[in-house]
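Single-structure report; data block below.
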Amino acid sequence: MEYSPRVYDLSLHTVGLIVGSLLLAIHVIALILPEQTKGWLVKLPRSKPLGIGILAVDSLWSFWLVSNMDLGEFSQYRTWLQIGVPIAFVLTMTFVDEFLAVRALGMLALLAAEPVLSAAFLRPEVSRLLLVILAYVWLTLGLFWVGMPYVLRDQINWLTKTGSRFRALTLAGLVYGLVVLVCAVAVY
């Protein structure tokens with residue numbers, strides 16, 4: 001089996017549509033149902049079922065990556081890595097109780113940044129930086145959430161502390177998603 005150096009074959013247009021639509025949908029829900037969203041966000045860090053669900057997505061994505069990407073000089077260890085991913089899933093689910101949802105969300109942010117950066121790589125449009133900046137924010141937050149999961153809890157507490165702050169940041173996210181979506185349709 002030959003492995004492609006570029007695992008994700010997504011265009012910037014497709015990535016822009018997906019990311020813009022997701023940002024728009026998430027922030028519209030938060031705008032329409034602010035109290036329910038705040039309540040859900042406050043419960044998120046310690047939600048074990050949600051943590052297991054997100055961790056399962058992370059594990060499937062990681063298994064797919066290990067199976068399909070060019071590992072270079074580590075290709076001889078592909079089978080061991082494929083065996084290791086489900087083992088890591090079970091061990092993480094079993095022994096990393098504390099803030100499992102936050103850690104799993106951090107891993108998801110790290111995984112999600114790569115296809116975005118891959119699609120924007122060497123593209124001439126300046127508006128691609130909207131996606132690149134977002135991907136680097138995901139990478140930075142993902143690293144903190146995996147290593148210091150209480151940071152997300154503190155970020156959620158800060159975000160939900162006042163209604164005006166929550167509404168302002170929700171509107172900012174809505175506008176950002178709309179701009180990304182417009183760029184995906186008109187520019188990419």
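Listing for the model above:
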quantity: Residue 134 touching a Gly at 6+ places or on another chain (Cβ under 8 Å), assigned to a helix (DSSP H, G or I) and under 25 Å from residue 179 (Cα atoms); calculated: no
quantity: Scope the range 36-47; condition touching a residue at least 60 places away in the same chain (Cβ under 8 Å) and surrounded by fewer than 15 Cβ atoms within 10 Å (Cβ to Cβ); matching residues; calculated: 42
quantity: Meets criteria (closer than 20 Å to residue 187 by Cβ and either surrounded by fewer than 21 Cβ atoms within 10 Å (Cβ to Cβ) or modelled with pLDDT under 95 (or both)) for residue 144; calculated: no
quantity: Test: residue in the range 20-30 that is part of a helix (DSSP H, G or I), in contact with a Pro (Cβ under 9 Å, 6 or more places away or on another chain), modelled with pLDDT of 95 or more and closer than 15 Å to residue 108 by Cα; calculated: no
quantity: Checklist (1) in a helix (DSSP H, G or I); (2) surrounded by fewer than 18 Cβ atoms within 10 Å (Cβ to Cβ); (3) touching a residue at least 12 places away in the same chain (Cβ under 8 Å); (4) not hydroxyl-bearing (Ser, Thr, Tyr) applied to residue 109, failing item; calculated: (2)
quantity: Residue count for the range 151-178, restricted to those that are free of Cβ contacts under 8 Å to residues at least 60 places away in the same chain and not in a loop (DSSP other than H, G, I, E, B); calculated: 10
quantity: Count - residues of the range 55-83 that are modelled with pLDDT of 95 or more, over 12 Å from residue 111 (Cα atoms) and of a type in the set (Gly, Ala, Ser); calculated: 1
quantity: Matching residues, the range 69-103, being over 21 Å from the mean Cα position of the chain (by Cα), of a type in the set (A, V, I, L, M) and not in a helix (DSSP H, G or I); calculated: 71
quantity: Subset tally (residues that are surrounded by 15 or more Cβ atoms within 10 Å (Cβ to Cβ), of a type outside the set (A, V, I, L, M) and out of contact with any Phe, Trp or Tyr (no Cβ under 7 Å at 6 or more places or on another chain)) for the range 147-166; calculated: 3
quantity: Any pair with Cβ under 9 angstrom, 6 or more apart, that starts in the range 20-35 at a residue that is more than 19 Å from residue 187 (Cβ to Cβ) and free of Cβ contacts under 8 Å to residues at least 40 places away in the same chain and ends at one that is hydroxyl-bearing (Ser, Thr, Tyr) and surrounded by 14 or more Cβ atoms within 10 Å (Cβ to Cβ); calculated: 29/37
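The values are calculated or read from the model by the stated rules, or taken from the named source; none is laboratory data. Just so you know, these numbers come straight off a predicted model, no measurement behind them. As a convention, Cβ positions derive from the backbone with ideal geometry for all residues, glycine included, and neighbour counts pool all protein chains shown.
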